[in-house]
């Protein structure tokens with residue numbers, strides 16, 4: 001977790017090394033980001 005400098009809240013952070021190294025990795029991250037748009041969670 002890290003602290004959001006805008007409001008001081010602790011938020012989750014996912015580090016993704018070399019995301020754009022391959023097409024498969026890029027597609028996987030894009031799919032995950034699309035799914036996260038549907039969740040209503042504080043993180």
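General remarks:
- Between residue 26 and residue 38, the modelled labels are 2.4 nm apart [label points 7 Å from Cα along Cα→Cβ].
- Residue 7-residue 19 pseudo-label distance in nm [points 7 Å out on the Cα-to-Cβ vector]: 2.2 nm
- Calculated on alpha-carbon atoms, Rg and Dmax of the chain in Å: 12.9, 36
- Relative to the longest principal axis of the Cα atoms of the chain, the long axis of helix 23-36 lies at roughly 40 degrees.
Bear in mind these aren't lab numbers, they're just calculated from the coordinates by the rules spelled out. Since we're looking at a predicted model, the values are computed, not measured. Ideal geometry is used to build each Cβ from the backbone, glycine not excepted, and the neighbour counts take in all protein chains shown.
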